[in-house]
Amino acid sequence: MACLLETPIRMSVLSEVTASSRHYVDRLFDPDPQKVLQGVIDMKNAVIGNNKQKANLIVLGAVPRLLYLLQQETSSTELKTECAVVLGSLAMGTENNVKSLLDCHIIPALLQGLLSPDLKFIEACLRCLRTIFTSPVTPEELLYTGPDHQTILFNHGAVQNIAHLLTSVSYKVRMQALKCFSVLAFENPQVSMTLVNVLVDGELLPQIFVKMLQRDKPIEMQLTSAKCLTYMCRAGAIRTDDNCIVLKTLPCLVRMCSKERLLEERVEGAETLAYLIEPDVELQRIASITDHLIAMLADYFKYPSSVSAITDIKRLDHDLKHAHELRQAAFKLYASLGANDEDIRKKIIDTENMMDRIVTGLSESSVKVRLAAVRCLHSLSRSVQQLRTSFQDHAVWKPLMKVLQNAPDEILVVASSMLCNLLLEFSPSKEPILESGAVELLCGLTQSENPALRVNGIWALMNMAFQAEQKIKADILRSLSTEQLFRLLSDSDLNVLMKTLGLLRNLLSTRPHIDKIMSTHGKQIMQAVTLILEGEHNIEVKEQTLCILANIADGTTAKELIMTNDDILQKIKYYMGHSHVKLQLAAMFCISNLVWNEEEGSQERQDKLRDMGIVDILHKLSQSPDSNLCDKAKTALQQYLA
């Protein structure tokens, strides 16, 4: 029976709390404006730091009324300001509070408030907007995001209006101006090119940023200035070899990675540095030898240590919850450092327990850490030496295959791209990967709606088929199915088409394999080849297709599928006389394989091709100014003379 009493007791407590909150809401409807104002002020004092009170007032319908009062022309400016303050306080509660505010269409009301002539009211609206937009539940598209919006701000004079604030006496104002510039410049060449030439009190903006990242300035200012210069550099407005990047920005960001810095500073420093050096091998080399950076990053995985200097319990608790962000940042920076240089990759891999750390990162609960670990591994997998040694020693392919089983698309794209490297013919991981069911997995990727996944799926299969045994090729064809293969050959994405042609070319190599595959799939393959050669495709696509024909012509029985297809023969003849040398050469390979006189039936093939006028074209091509084409034509003519 005791259980039955539980619900009524809870209900009565809730009713009591709600009742005590109701009078705050009731006062908002008083006909006397002064009493309404006092009611809002009392409500403001009641909700400060009291999440339960905030939730109660939202449930009781305070938000629509506050928004109504905020937008009423008859409301005094003081009342409007107090309403905005209360709404801002409600937004500082839980994420559910923010959702409730958004549901009541608070954003348009606050934005409208910015048109007021009263600065206090504007400030209250801005504070509330900032609170709402820093919440993870607020959709970013509700305000300016993306290049289009950067351009709108730029076109409305944002750069000129913000620039002079960099010399403000107020540190807070200078910092907000800096942050604005970093957001405006990010991946925006138009804004970045303008910023380079902006003068503030006779000094160019980049020079001001350089002054702001000096060691005697606050860390927040150093970091944000370094971000501005980084984004301008990546947007092409500052050269990568400019002193302000090499001697100022890069060293500043390396300093931020030191263990003396706070966790969030180390994260931001490493991530910004990773972005700065990502496309430039010289910056990667400079960073790798600055302040022992590669070894310094190893500390990111040991944080907080058991002998941590953190005595502030709140800070320690915060850092324990965010330690994964350090690992993510370290993986990102290692990925950028090792993107091009073999020696740097070796240094990274030789860093204590690095491969074990990356392998552990692949199975972390945080998607961002997993993605960064895969990117790091992908960067290191570009090394032939490491593929043969460290990657094999640590059986990296096992956790990678696990990642590929069930992961978001952004991880799948990088992981499948790395799998392409592990399937190269010199990689010792190729065989165990094949045995672990990779064929089915990759064939599944080729059916993805995401073009990047289709490309990687087919690319990996192409690598798998290179110089492979007949059994592997048969497995690929069976798992992929001819229907899917031909769907891929008509894919709208050029990369998918090119890699599918590459796969077909690798499948159709070595005579027994060519004859076997063409005996079972010849009709469909010849049909696909015809369609591509007739279609509106670029030179590279047609060259690959003619190379596939040349491989078929190298078969013992398969070549008859060409010789009995007059349409295909006419197409080969046409491309022999094409204006593009690449296509002429590819067509020449087909002819050479067809007329080779050491093979059975060569005389009949030579006669048929002579009747088509091929010999006349060969004589003409033997005079070609292109030495390759000339040699190939002469070699083919010798087959007729032998």
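The values are calculated or read from the model by the stated rules, or taken from the named source; none is laboratory data. What you are looking at is a predicted structure, and each value in this text was computed from that prediction instead of being measured. Glycine also receives a Cβ, built like all others from the backbone with ideal geometry; neighbour counts cover every protein chain displayed. Accessible surface areas use protein heavy atoms only, side chains included; no ligands, DNA or RNA. Shrake-Rupley method; radii C 1.70, N 1.55, O 1.52, S 1.80 Å.
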Check your understanding: Using the alpha-carbon atoms, what tilt in degrees (0 to 90, nearest 10) does helix 470-480 show relative to the longest principal axis of the chain?
Key -> 50 degrees
Exercise for review: Express in Å², to the nearest 10, the accessible area of Ile238 obtained by rolling a 1.4 Å probe over the protein heavy atoms while all chains stay in place.
Suggested key: 10 Å²
Revision key, fill the gap. Listed by chain and number, the aspartates and glutamates with an alpha carbon less than 20 angstrom from that of Lys368, same-chain partners under 8 positions apart left out, are Glu140, Glu264, Glu265, Glu268, Glu271, Glu278, Asp299, Asp319, Glu325, Asp356, Asp409, Glu410
**Study point:** Separation in nanometres of the label points that stand 7 Å from Cα toward Cβ, at Gln623 and Ser492
**Key:** 4.8 nm
Check your understanding: Helix 367-380 sits at what angle to the longest principal axis of the chain, using alpha carbons and giving 0 to 90 degrees rounded to 10?
Key -> 40 degrees
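Please compute one quarter of the surface area of the Cα convex hull for region 306-436 and express it in square nanometres.
8.7 nm²
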Point to revise | Ranked order, His578, His619, His105 - accessible area, probe 1.4 Å, largest first | key: His105, His619, His578
Check your understanding: For Ser479, Ser519, Ser381, what's the largest-to-smallest order of accessible area, 1.4 Å probe?
Key -> Ser519, Ser479, Ser381
Revision key, fill the gap. Most packed first (mean Cβ within 10 Å per residue), the peptides 325-332, 54-61 order as 325-332, 54-61
Revision key, fill the gap. Classified through the alpha carbon gyration tensor (a ≥ b ≥ c as square roots of its eigenvalues; rounded if a/c is under 1.5, else prolate when a/b is larger than b/c, else oblate), the chain comes out prolate
Revision key, fill the gap. Quick calc: nm separation of the 7 Å Cα→Cβ label points for Glu536 and Thr351 -> 5.0 nm
Exercise for review: Run down the lysines and flag those whose C-alpha is under 16 Å from the C-alpha of Lys402, throwing out any fewer than 8 positions away in its chain.
Suggested key: Lys430
Exercise for review: Might you report the magnitude of the Cβ-based charge dipole of the chain about its Cα centre, with Lys and Arg at +1 and Asp and Glu at -1, to the nearest 20 debye?
Suggested key: 940 debye
Exercise for review: Give, to the nearest whole percent, the P(r) tail of region 75-130 beyond 12 angstrom, counting all Cα pairs.
Suggested key: 61 percent
Practice item. Arrange the peptides 560-572, 504-516 so that the one whose residues have, on average, the most other Cβ atoms within 10 Å appears first. Key: 504-516, 560-572
Practice item. Quickly estimate the mean residue ellipticity at 222 nm for the chain, helices only: each DSSP H run with n ≥ 4 gives -39500 (n - 2.57), and the total goes over all residues, rounded to 500. Key: -21500 deg cm²/dmol
Study note, to complete from the structure: For the chain, dividing by residue count, accessible area per residue (probe 1.4 Å) in Å² works out to 49 Å²
Exercise for review: Would you please name the chymotrypsin sites (Phe, Trp or Tyr not before Pro) within region 387-446 that are DSSP coil residues with at most 12 other C-beta atoms within 10 Å of their C-beta?
Suggested key: Phe426
Review point. In the chain, with Lys and Arg counted as +1 and Asp and Glu as -1 at Cβ, which of these residues, Ala124, Ser390, Leu67, has the Cα nearest the positive end of the dipole, that is, farthest along it?
Key: Ala124
Study note, to complete from the structure: Ile286 neighbourhood, Cβ < 15 Å, K/R = +1, D/E = -1, net charge -3
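Once you have the alpha carbon radius of gyration of region 5-135, what is it after dividing by 2.2 N^0.38 Å, with N set to its residue count? Walk me through the intermediate numbers first.
Details: Rg = 14.9 Å, N = 131, 2.2 N^0.38 = 14.0 Å.
Cα-based Rg divided by the globular estimate yields 1.06.
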Study note, to complete from the structure: In the structure shown, of Lys559/Lys608; Lys499/Lys582; Lys52/Lys314; Lys471/Lys571; Lys248/Lys302; Lys54/Lys99, the pairs separated by more than 21 angstrom at the C-alpha atoms are Lys52/Lys314; Lys471/Lys571; Lys248/Lys302
Review point. So who's got an amide H within less than 5 Å of the one on Val200, skipping anything under 5 residues away but keeping other chains? H placed 1.01 Å off N, in plane.
Key: Leu205
Exercise for review: Measure nothing fancy, just the Cα-based angle from helix 451-465's long axis to the longest principal axis of the chain, in degrees from 0 to 90, nearest 10.
Suggested key: 40 degrees
Exercise for review: Please report, in whole Å, how far the alpha carbons of region 101-196 spread along each principal axis, starting with the longest.
Suggested key: 42, 30, 23
Practice item. Kindly state, to the nearest 0.05, the FRET efficiency for Lys302 paired with Lys402, given R0 = 25 Å and r defined as their beta-carbon distance. Key: 0.50
**Study point:** Neighbourhood charge, 15 Å Cβ-Cβ cut-off, centred on Asp616 and excluding it, Lys, Arg +1 and Asp, Glu -1
**Key:** +3
Check your understanding: How would you classify region 509-641 from its alpha-carbon gyration tensor, with a ≥ b ≥ c the square roots of the eigenvalues: rounded for a/c under 1.5, else prolate if a/b is greater than b/c, otherwise oblate?
Key -> oblate
Review point. Using a 1.4 angstrom probe and counting only protein chains, how large is the accessible area of Ile107 in Å², to 10?
Key: 10 Å²
Study note, to complete from the structure: So Asp317 and Leu204, fully extended at 0.36 nm per residue minus their Cα-Cα distance, gain in nm 36.4 nm
Practice item. Leaving ligands, DNA and RNA out of it, work out the accessible area of Cys180 with a 1.4 Å probe and give it in Å² to the nearest 10. Key: 60 Å²
